[in-house]
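**Q** Dropping a structure here in structure tokens format, bear with me for questions.
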Amino acid sequence: MSITLRGVSKQFGAFAAVDDIDLDIPSGALLALLGPSGCGKTTLLRIIAGLETPERGQVFIDGRDATLWPIRDRKVGFVFQNYALFRHMSVFENVAFGLKVKARRERPAAADIRKKVQSLLDLVQLEWAGDRYPSQLSGGQKQRVALARALAVDPEVLLLDEPFGALDAQVRHELRRWLRRLHTELKFTSIFVTHDQQEAIEVADTIVVLNRGRIEQTGVPGEVYDLPQSAYVHRFLGQVNELRVQWRDGRAHLGPIDITGDPALNSYGSERIALIRPHEIDIGGEAAGWPAVVRDVRVIGPIVRLELCADGRPANEPLEAEVSRERFDAERFHIGQKVGVRFRRWQVYPADPAEHAFGATRVAEPVAVANGLVAPRTASGTSGG
Amino acid sequence: MEAPALIGDYDVPTARSLRERGPRQEIRWGRFLLIAVALAFVAAFLLLPLLVVFTQAFAKGAGAYLAAVSDPTAWAAIKLTLMVAAIAVPMNLVFGVVAAWTITKFQFRGKSALITLIDLPFAVSPVIAGLTFILLFGARGWFGVYLQAHDVRVVFAVPGIVLATLFVTFPFVARELIPVMQAQGKDDEETALSLGANGWQVFWHVTLPNIRWGLLYGVLLCNARAMGEFGAVSVVSGHIRGLTNTMPLHVEILYNEYNYAAAFAVASLLALLALLTLAGKSLMEWRQPELKHGTRRKGARTGK
């Protein structure tokens, strides 16, 4: 089932929760609506579900205008952030609810309901829990009951509001993989809301980044991560180091590093910033780069995070760099060590976020590599989180 | 001063330990005092009167008590009281649920005004409530001529008493339900809708089980007030013995006739009804902790 949004807007008082959104969600997509709280992602999900009515714009389901359809007619399964299990019903009764409330002529026989519920409980690996009550289940189990309950009525779209928000990291990781498998197996359209970029990247096929009720960028996870079209998206998807571009003698610099040839510099006014992800920072010998002192070293499993106090940067704004464990083990970086910082890749944006009416900010090959300090920027760089 | 020396089992208080102990000591005394005041208040203003009611009721022996209670006019008052409660409580149950549902599940203009209006019967003196019904439905009231022309008696008759009781007890159910339903939010209902349930199914299978304890509590309070209401009912009833006298009114009449034993006998019945209501409420509160989690039926204790 495909979903199309055209010019959808929703106000809450003076606050535009969703502002003129166009979005095409093809059948079978696994799409993440990503953004911080208050960006309108949940409202958008509720509009798709039919739990909110947009003030302007239309919602099409399989090409038909469904803007005013009630949720019952939309064939959507909605899973709430807090699961919203019916506390007074057993797990079995919860899952069976959607089947039992069907009109008499559509309602399956009791034996069929039993069979279907049991198979759904098998699917979510809770075959033993039918007689339990929600209060006796853990968060992850409740979440799976909520999913089984939503799936019981054979929805064509599954809508999930922060589905893993309230779970601890281990369970979350497991459930993410499980949801992906389920999606591939059952082939419905899934849309989920999250504020966790990691989760969006890990689970979704398509990520829609929202900001103040508007779509900032849509794309596959790698593209959104590597080629953010605005500083907002860049910042939201992962860690960044932020440097102000300094002009000296008509040349642009990041610290001592000359980036004058960057074509992105020309498309904005004079105030620009460069965003650099921690893994895009390269650390070399003291002589080769921007002089810096290692201030902190954190080994986080396979990666090592270094805090670098670069010359001329305020002490409370250290650069954050990430190197692989292997590299770290080979080079033995330590606190107090003097090193040289180089940037493998960076991206330039206007300092004023209002000024991002531009199109040509995709990564371009760097032109000037001043002082041999800067390695060429790569369009497809390293991805991951 | 800083070096603590041992005296008996206690540290010599340093400035620091005094700081820590001082307030705690005060809290203990304060707690004791507050509990004592509360208990004394309850004893003096609740238990003592109740005791007096029952001792006075039996002051002239059980025979006099039975005679007073089985007197036809007393019996009529009891029946009228129960009937008024039987009409007013279910109606307010429905109104209260509808009002609470409307307020908590929908967004609309004038919502806060509606909440204020629901509280109005609590704010207005019952006597004034009764008088407004006289002004509306009395012989010289707004609808008086119309009602007389159609031979409908409201004031000084049972309908007036029911109306006054309805008005006075209106807030109980709604007031009890609004916070409960606000706390629960709309997620359960929206989930049920998304699963294809219609409005009635949502209410019956999802909302009602969620609010049933708040609802029962509200109904009990509503019932207690419906049976005990004096002021508003007194104004509209007309005090016709055997016809429009409820139990509280009957008690007053007997008392004014210096028939203390009979007055207290009927009063003791009324008090007994109130006590039964309270007992029912306590029973519910006692059972509620396990019910709060919805683990009421079998399997409730198996998992823990």
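The values are calculated or read from the model by the stated rules, or taken from the named source; none is laboratory data. Note that this is a predicted model, so its numbers are computed, not measured. Because the Cβ atoms are built from the backbone with ideal geometry, glycine has one as well, and the counts that use them run over all protein chains shown.
**Q** Go over the candidates B:Leu80, B:Leu50 one by one and state the one that is in contact (Cβ under 8 Å) with a residue 60 or more places away in the chain, surrounded by fewer than 18 Cβ atoms within 10 Å (Cβ to Cβ) and within 21 Å of the chain's Cα centre (by Cα).
**A** Among B:Leu80, B:Leu50, only B:Leu50 is in contact (Cβ under 8 Å) with a residue 60 or more places away in the chain, surrounded by fewer than 18 Cβ atoms within 10 Å (Cβ to Cβ) and within 21 Å of the chain's Cα centre (by Cα).
**Q** Just a yes or no: is a residue in the stretch B:217-230 of a type outside the set (Asp, Glu), over 18 Å from the mean Cα position of the chain (by Cα) and part of a helix (DSSP H, G or I)?
**A** No, that holds for no residue.
**Q** Condition check: more than 14 Å from A:Gly35 (Cα to Cα), in contact with a strand residue (DSSP E or B) (Cβ under 9 Å, 6 or more places away or on another chain) and crowded, with 19+ Cβ neighbours inside 10 Å. Does A:Ile215 satisfy that?
**A** For A:Ile215, the condition - more than 14 Å from A:Gly35 (Cα to Cα), in contact with a strand residue (DSSP E or B) (Cβ under 9 Å, 6 or more places away or on another chain) and crowded, with 19+ Cβ neighbours inside 10 Å - is not met.
**Q** Which count do you get for residues in the stretch A:65-87 that are assigned to a loop (DSSP other than H, G, I, E, B), closer than 30 Å to A:Ser9 by Cβ and of a type in the set (Lys, Arg)?
**A** Adding up the residues that qualify gives 2.
**Q** Here's a follow-up. Looking for whichever is buried (at least 22 other Cβ atoms within 10 Å of the Cβ) and polar (S, T, N, Q) here; the options are A:Gln118, A:Gln143, A:Gln136. Which one fits?
**A** After applying the criteria, what remains is A:Gln143.
**Q** Considering each of B:Ala263, B:Ala267 in turn, give the residue that is more than 20 Å from the chain's Cα centre (by Cα), surrounded by 20 or more Cβ atoms within 10 Å (Cβ to Cβ) and at pLDDT 75 or above.
**A** Step by step, each of B:Ala263, B:Ala267 is checked, and only B:Ala263 is more than 20 Å from the chain's Cα centre (by Cα), surrounded by 20 or more Cβ atoms within 10 Å (Cβ to Cβ) and at pLDDT 75 or above.
**Q** Return the total of residues in the stretch A:46-67 being more than 24 Å from A:Phe80 (Cα to Cα) and without any contact (Cβ under 8 Å) to a residue 40 or more places away in the chain.
**A** Number of matching residues: 2.
**Q** Within the stretch A:262-269, can one find any residue that is out of contact with any Cys (no Cβ under 9 Å at 6 or more places or on another chain) and within 16 Å of A:Leu319 (Cβ to Cβ)?
**A** Looking through the stretch A:262-269, none of the residues is out of contact with any Cys (no Cβ under 9 Å at 6 or more places or on another chain) and within 16 Å of A:Leu319 (Cβ to Cβ).
**Q** Moving on. Within the stretch A:61-71, can you find the residues that are surrounded by fewer than 17 Cβ atoms within 10 Å (Cβ to Cβ) and facing chain B (nearest Cβ under 9 Å)?
**A** Listed by number, the list holds a single entry, A:Pro70.
**Q** Among the residues of the stretch B:37-86, write down those that are among the aliphatic types (A, V, I, L, M), closer than 26 Å to B:Thr244 by Cβ and part of a loop (DSSP other than H, G, I, E, B).
**A** none
**Q** I've got another one for you. Among the residues of the stretch A:217-240, what is the count of those that are charged (D, E, K, R) and in contact (Cβ under 8 Å) with a residue 60 or more places away in the chain?
**A** So the answer is 1.
**Q** Condition first: surrounded by fewer than 24 Cβ atoms within 10 Å (Cβ to Cβ), more than 14 Å from every other protein chain (Cβ to nearest Cβ) and not in a helix (DSSP H, G or I). Now tell me which residues in the stretch B:150-198 satisfy that.
**A** Passing the criteria: B:His150, B:Asp151, B:Val152, B:Arg153, B:Val154, B:Phe156, B:Ala157.
**Q** State all residues of the stretch A:88-145 that are in a loop (DSSP other than H, G, I, E, B) and away from chain B (no Cβ under 14 Å); if no residue qualifies, say none.
**A** A:Ala109, A:Val124, A:Gln125, A:Glu127
**Q** Out of the residues in the stretch A:297-344 that are in contact (Cβ under 8 Å) with a residue 12 or more places away in the chain and of a type in the set (Gly, Ala, Ser), which is nearest to A:Gln246 (Cα to Cα)?
**A** Checked the stretch A:297-344; the qualifying residue nearest to A:Gln246 (Cα to Cα) is A:Gly312.
**Q** Taking the stretch B:231-278, which residues are among the hydrophobic types (A, V, I, L, M, F, W, C) and assigned to a loop (DSSP other than H, G, I, E, B)?
**A** B:Ile240, B:Leu243
**Q** Based on what the data block shows, is A:Arg176 in contact with an Asp or Glu (Cβ under 6 Å, 6 or more places away or on another chain) and either free of Cβ contacts under 8 Å to residues at least 40 places away in the same chain or hydroxyl-bearing (Ser, Thr, Tyr) (or both)?
**A** Considered against the rule, which asks whether it is in contact with an Asp or Glu (Cβ under 6 Å, 6 or more places away or on another chain) and either free of Cβ contacts under 8 Å to residues at least 40 places away in the same chain or hydroxyl-bearing (Ser, Thr, Tyr) (or both), A:Arg176 comes out as yes.
**Q** So, one more: Scanning for something over 30 Å from A:Thr53 (Cα atoms) and in a helix (DSSP H, G or I), does the stretch B:101-116 turn up at least one residue?
**A** No, the conditions are met nowhere in the stretch B:101-116.
**Q** Looking at the structure I just gave you, is A:Asp296 in contact with a strand residue (DSSP E or B) (Cβ under 9 Å, 6 or more places away or on another chain) and surrounded by fewer than 20 Cβ atoms within 10 Å (Cβ to Cβ)?
**A** When the stated conditions are applied, A:Asp296 passes them.
**Q** Check whether at least one residue in the stretch B:236-258 is more than 20 Å from B:Leu50 (Cβ to Cβ), at pLDDT 85 or above and within 14 Å of chain A (Cβ to nearest Cβ), and report yes or no.
**A** Checking the stretch B:236-258: not a single residue is more than 20 Å from B:Leu50 (Cβ to Cβ), at pLDDT 85 or above and within 14 Å of chain A (Cβ to nearest Cβ).
**Q** Can A:Ile215 be described as among the β-branched types (Val, Ile, Thr) and over 19 Å from A:Ile21 (Cβ atoms)?
**A** When the stated conditions are applied, A:Ile215 does not pass them.
**Q** Only residues that are within 12 Å of chain B (Cβ to nearest Cβ) and either among the acidic types (Asp, Glu) or outside any helix (DSSP H, G or I) (or both): list them for the stretch A:42-60, please.
**A** Scanning the stretch A:42-60 gives A:Gly50, A:Leu51, A:Glu52, A:Thr53.
**Q** Would you say B:Phe133 is within 23 Å of the chain's Cα centre (by Cα), part of a helix (DSSP H, G or I) and either under 30 Å from B:Arg241 (Cβ atoms) or at pLDDT below 85 (or both)?
**A** Yes.
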